[in-house]
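These notes are about the structure you will find just below.
The values are calculated or read from the model by the stated rules, or taken from the named source; none is laboratory data. Keep in mind the model is a prediction, meaning the values are calculated, not measured. Quick reminder, even Gly has a Cβ in these numbers, built from the backbone with ideal geometry, and neighbours come from all protein chains shown. In case anyone asks, the SASA skips ligands and DNA or RNA and just uses the protein heavy atoms, side chains included. Shrake-Rupley method; radii C 1.70, N 1.55, O 1.52, S 1.80 Å.
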Amino acid sequence: MRQHPKYSHRISILCLAGLMVLGIITSTSWAQIKITSPEEYFGFQLGSDKKIARWDKIVEYYNLLKTESDKIDVIDMGPSTMGNPFLLVIISSKENLANLDRLKDINAKISNPRGIAEAQIKKLVEEGKAVICQSMSLHATEIGGTQMAPELTYDLLTRKDEETQRILDNVIFFLIPSFNPDGQIMVTDWYNQTLGTEYEGTGLPWLYHKYVGHDNNRDGDFLNMIESVYAAKIMYRDWPPQAYIDHHQMGSYGARFYVPPYSEPIRPYADPLIWREMSWYGAHIAYKLEENGKAGILNAAQYPGWGHFGWHWITPFHNIAGMLTESASTKLATPIYIHPEQLRGGARQFPEYKAQSTFPNPWPGGWWTLRDIVEQKKISAWALLDLAARNKETVLWNAYLKAKRQTERGAQEKPKAYVIPAVQHDFLTTLKMVNTLLMSGIEIKRASEDLRVAGIIYPKGSFVISLAQPKMGLIRNLLGQTFYADNDWTRDKDGRPLRPYDSATHTMNEFMGVRVDPVDEKIEEDLDILTGKIRISGKVAANSTKYVLDGRLNASFKAVNLLLEKGIGVRRADKSSQGLRPGDFIVSRGSEAVLKDVADQTGVDFMALQEEPALGTHEVKKKRTGMYHRYWGGNMDEGWTRFLLEQFSFPYTSLKDAEIKKGGLIKNYDVIILPNDSTAMITGEMSSSSRRYSPASVPPEYRSGIGTEGVDALLEFVRNGGTLVTFGEACGFAIEKFGLSVLNPMENLDSKEFFCPGSTLKVKFDNTHPLAYGMPSEGLVLYWSSPAFAIIPGQHNEMYETVVRYKDKDLLQSGWLIGEEHLSNLGGMVNAKYGKGDVVLIGFRTQNRSQTHGTFKLFFNTMIR
């Protein structure tokens, strides 16, 4: 009987697996098993025009290879955000795979050699294997990496030449064939849906990740997404690789392929060997590409060494040579024709599209295909493995040197440690930060008794992070005050600042509102090393009829949402009275099981309240919240905000254009959120010159915009008592369309006058205002080319309340700020009365990427008043 082609390979897998279990296939008979090629399995050569292998079939193929070869292991790390398999593929010799436990131990000791004699390290280097990791298609529209991966795998399993054998013998290769399985499926299905139509090869109308889209490469530090958690487990803790490449794609009209090293500037505190290794690996990759006749190869340009803290830019501070490749893109799997005059330079250290030492062989133009991308990526991926295999001892010895020298620098330089005091404004957020740092493989200790350091007594339970450890550079970047480079590399010829690739600082504690003290002396006390994440569980006071939840805790808002969902009454304090602070929550007695469950889920303590004040409290009502959700490729700020709302159990509805335009919003909603977006994107009134957002690029049903009807509906909603919350650029929409007496003085300033890209700035919080309940009186916000607010004098000044105001001088905590006098004393958050409702303007990044925990409450308070 002929097998149905859909099931033939699944049957093969099951049959082979059964034979292995029965012992019929032995180690001596592996060689007789034919290994299925990608072309046989998928029915086409990967990278062929107008064809994309879908993730489910790629997963099946890898599972088939596992049954056909003893040189591969396939591990399902767990479900992705949307429930698809997240695969880790390990490729090496049969002997290495059989000895992984020992090789893992060796790799761990080389990566963290404290307390191990150098003579012992030399023996470990001789015995160990180079660990190399490469990941594919983190950004799902950059499809070439995932399409290349099966072919690379097949070649490693089937080639018999000396070079391949050397790789298998000397390297343990960790391959992440898709960093974003959900997006890969979305993009493949969209491409097939539009194939043969006028929209063939266009981008997705929505985000290519359930929540974060392109920003999944901004999550290597906070590890919010489950895919990031898997990658951190692989690279930060279990198997720190000596080198890592994240394979990407870029725009279509420049170089054909970017390879390491990075251009200037570089971020501080990495071991110098890191930057030399990137040049070493990159030169070999570029050489192999030229050797194979590939034109248009660029290195040491375009992508700076100081970038975001996504995967290839954070790994150098884990002592991993973290690198990036970028292929010129096609229209997904559809070829693109490029005329010579369309090719452009203009990026960092690549001023024009002409030959230079880092771009010696310009591509002349012509047809550019997905197969071109697959081939160049395979050459680059192979070249990394080849160089590591040829120089295994050097690679491992340098891994030891980096760890050793970073530890020595941490011991010798200042500060020598960071102390995280046990007494914090929001201690549960502090514990969350500590747990996040542990996920990055940072050693953290905790004081079991009071700790005296530099004349300060820190209470027991305080945390200490010594810099005398291999990840010193990571720690300093995450917890130390940071100033972005301001020099010839970061300004143009006219002195105009060049925008950083991302935020100018990634100081975790400043984002999270956690106090961290740098310490210049060595801490000698014997402290307890944390061996796992801290379990956070709250307590419920016994024999009480009412309870207090601390309004300073972000987690208290989640607790309140869970309680309201269970029908348990909650009130909120508006005044300081009987030990209560403004913003504290008062909980009526409910089911003991429910209270304990909420305390366990959130970590919040239910403290006994002896007597509720007669005055100065109000009932907390469940707000009906809607958030605008557009197409045009989706809005990452909207996606991150959805994620944040779900993490804190805020119920919400995604509002599309049709529902807004219909009007009558006050019947169904109390609060409507407009995420960070321009007025044109909200209304749909894009410029006709916008190529990215032209109607020709998107089917009619995905051409978003609320139009004038939607604007009128929002005006009606607020007049009738609704609250409109606007973030970032959306504040400009509210100011314009509602005719608010508010000016944004930053709007037309030249960057030579004022410039502040992604920096933490000092502000004052009016924590007597309900929108700032639970906040300290002073703190930090993340300012990122944000609007700021001045109230225009008029007859109704009393209708405007400034909730957050920038300080008058010395605003910068970390990042880059030019022209602080323009921002001094301006409002950062304003509440404007409008009819019976409110318009809340939040200019700074109050919930940026679900990272800025220190200002979450300013958002949460708009939904819980």
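General remarks:
- Long-range amide H partners of Arg491 with built H, under 5 Å: Leu498
- Ranked by the mean number of other Cβ atoms within 10 Å of their residues, highest first, the peptides 219-232, 713-726 fall in the order 219-232, 713-726.
- For the range 111-123, backbone phi angles converted through the Karplus equation (6.51, -1.76, 1.60; θ = phi - 60°) give residue-by-residue couplings of 6, 9, x, 4, x, 10, 5, 4, 4, 5, 4, 4, 5 Hz, Gly and Pro being listed as x.
- For the range 94-199, a simple Cβ point-charge model (Lys and Arg +1, Asp and Glu -1, everything else neutral) yields a dipole of about 600 debye relative to the Cα centre.
- Shape call, the range 398-456: gyration tensor on alpha carbons, a/c limit 1.5: oblate
- Accessible area of the range 722-865 belonging to carbon and sulfur atoms, whole % at 1.4 Å probe: 45 percent
- Under-5 Å amide H pairs with Leu324, H placed in peptide plane, nonlocal only: Asp246
- In the range 174-310, Cα pairs under 8 Å separated by at least six residues give a relative contact order of 25 percent.
- The fraction of accessible area contributed by carbon and sulfur in the range 410-505 is 49 percent, rounded to a whole number (1.4 Å probe; ligands and nucleic acids excluded).
- Cα-Cα separations in the range 154-236 greater than 21 Å, expressed as whole percent: 53 percent
- Contact order relative to length of the range 50-101, as percent, for alpha carbon pairs under 8 angstrom and 6 or more apart: 28 percent
- Accessible surface of Phe483, taken over heavy atoms with a 1.4 Å probe and every protein chain present, rounds to 110 Å².
- Ranked by the mean number of other Cβ atoms within 10 Å of their residues, highest first, the peptides 388-401, 449-462 fall in the order 388-401, 449-462.
- Its Cα centre serving as origin, the chain has a Cβ charge dipole (Lys and Arg +1, Asp and Glu -1) of approximately 900 debye.
- Value in Å of the Kirkwood radius, where the range 612-729 supplies the Cα pairs that are averaged: 15.6 Å
- Solvent exposure of Trp784, expressed as accessible area, is near 40 Å², computed with a probe of 1.4 Å over the protein chains only.
- Over the range 97-156 - Rg/Rh using Cα atoms and the Kirkwood inverse-distance radius: 1.18
- Contact order for the chain, expressed relative to its length and based on alpha carbon pairs under 8 Å spaced 6+ residues apart, stands at 10 percent.
- J(HN,Hα) series, the range 771-778, from Karplus relation 6.51 cos²θ - 1.76 cosθ + 1.60, nearest Hz, glycine and proline x: 6, 10, 4, x, 8, x, 6, 9
- Environment charge of Lys662, counting only residues whose C-beta is closer than 15 Å and scoring Lys/Arg +1, Asp/Glu -1: -2
- Sorting 318-326, 80-88 by their mean Cβ neighbour count within 10 Å, with the most densely packed peptide first, gives 318-326, 80-88.
- Taking the C-alpha atoms only, the angle from helix 427-439 to the longest principal axis of the chain is near 10 degrees.
- Within straight-line cross-link reach of Lys66, aspartates and glutamates at Cα separation under 15 Å, skipping those fewer than 8 residues along the same chain: Asp76, Glu151, Asp155
- For Val212, no residue 5 or more places off, or on another chain, has a built amide H under 5 Å of its own.
- From its DSSP helices (H runs of at least four residues, each -39,500 (n - 2.57)), the chain gives a residue-normalised ellipticity at 222 nm of -9500 deg cm²/dmol.
- Above-threshold pairs, the threshold being 18 Å between Cα atoms, out of Lys416/Lys471; Lys288/Lys377; Lys294/Lys392; Lys129/Lys471; Lys432/Lys764: Lys294/Lys392; Lys129/Lys471; Lys432/Lys764
- Dipole of the range 283-405 computed with +1 at Lys/Arg Cβ and -1 at Asp/Glu Cβ about the Cα centre; of Leu387, Ile338, Asn292, farthest Cα towards the positive end is Leu387.
- Near Leu564, once Lys and Arg are set to +1 and Asp and Glu to -1 for all other residues with Cβ below 10 Å from its Cβ, the sum equals +3.
- Debye equation applied to the C-alpha atoms of the chain, log10 I(q)/I(0) at 0.06, 0.09, 0.10 Å⁻¹: -0.43, -0.99, -1.22
- Under the Karplus curve 6.51 cos²θ - 1.76 cosθ + 1.60, θ = phi - 60°, whole-Hz ³J(HN,Hα) for the range 410-423, x wherever Gly or Pro sits: x, 6, 8, 8, 10, x, 9, 6, 10, 10, 10, x, 5, 8
- Against the chain, whose longest principal axis comes from its Cα atoms, helix 707-719 is set at around 40 degrees.
- Rounded if a/c under 1.5, otherwise prolate or oblate - the range 529-612, Cα gyration tensor axes: prolate
- Cα gyration tensor, the range 422-531 - rounded (a/c under 1.5), prolate or oblate: prolate
- Note on the range 561-678: Lys pairs 8 or more places apart or on different chains, Cα atoms under 28 Å apart, count 26.
- Å² per residue, accessible surface of the range 698-815 at 1.4 Å: 40 Å²
- Near Val594, once Lys and Arg are set to +1 and Asp and Glu to -1 for all other residues with Cβ below 12 Å from its Cβ, the sum equals -1.
- Radius of gyration and Dmax over the Cα atoms of the range 671-811, both given in Å: 17.5, 51
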